[in-house]
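Notes follow once the structure below has been shown.
The values are calculated or read from the model by the stated rules, or taken from the named source; none is laboratory data. Everything quoted here is computed from the prediction, not taken from an experiment. Using ideal geometry, Cβ is built from the backbone for each residue, glycine included, and neighbour counts are taken over all protein chains shown.
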């Protein structure tokens, strides 16, 4: 089960909590309903299915079948949690998940100027990290004034960057 294109990251397992195998968990999408099964990647990059025994959104805790003690749970710390794309909450029109933006070609005035390689959402305003045709990597704030259209079907984003942005 190494190559599952339908799986997306929805959170990260942090440290253990208590002795019964609970783990602190950070879930990224708002209003995410935890399914009965999620996935992690093993050391070889293969997906491994985990059955959720308990999940408390309020406490930020999760526990998995077969990992009901602290020593077994420790083997899961700092791993990303994946779920099938169909389990993600529906978004409003003009909303996107980060994974949907990565890899999209970026166009300005009808000309391809690069590709989105990452989205940095650590600040108040997310930034598209774009590997440009000239080999440089540039950040573009994810604002309507700069990001004019996202065409998911054709895998492209049309932008109007600030003046001088391409010469930085």
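Given the condition in a loop (DSSP other than H, G, I, E, B) and at positive phi, answer yes or no: does some residue in the range 130-141 qualify? Looking for residues that are in a loop (DSSP other than H, G, I, E, B) and at positive phi, one finds at least one in the range 130-141, hence yes. Does the range 136-145 contain any residue that is buried (at least 16 other Cβ atoms within 10 Å of the Cβ) and either under 30 Å from residue 34 (Cβ atoms) or in the same structural domain as residue 34 (by TED's automatic domain parsing) (or both)? Within the range 136-145 (the criterion being buried (at least 16 other Cβ atoms within 10 Å of the Cβ) and either under 30 Å from residue 34 (Cβ atoms) or in the same structural domain as residue 34 (by TED's automatic domain parsing) (or both)), the answer is yes, since at least one residue qualifies. Just one residue in the set 157, 130 is closer than 15 Å to residue 94 by Cβ and crowded, with 16+ Cβ neighbours inside 10 Å; that residue is 157.
Checked against (1) farther than 15 Å from residue 20 by Cα; (2) touching a strand residue (DSSP E or B) at 6+ places or on another chain (Cβ under 8 Å); (3) not in a strand (DSSP E or B), residue 86 meets all criteria but (2). So for the range 68-77 (the condition being in a strand (DSSP E or B) and in contact (Cβ under 8 Å) with a residue 60 or more places away in the chain), does at least one residue qualify? Checked against the condition, which is being in a strand (DSSP E or B) and in contact (Cβ under 8 Å) with a residue 60 or more places away in the chain, the range 68-77 yields no hits at all. With respect to the conditions (1) closer than 20 Å to residue 29 by Cβ; (2) touching a helix residue (DSSP H, G or I) at 6+ places or on another chain (Cβ under 8 Å); (3) not in a strand (DSSP E or B), residue 119 lacks only one, and its number is (3).
Scanning the range 89-101 for residues that are buried (at least 17 other Cβ atoms within 10 Å of the Cβ) and assigned to a loop (DSSP other than H, G, I, E, B) yields one hit, 97.
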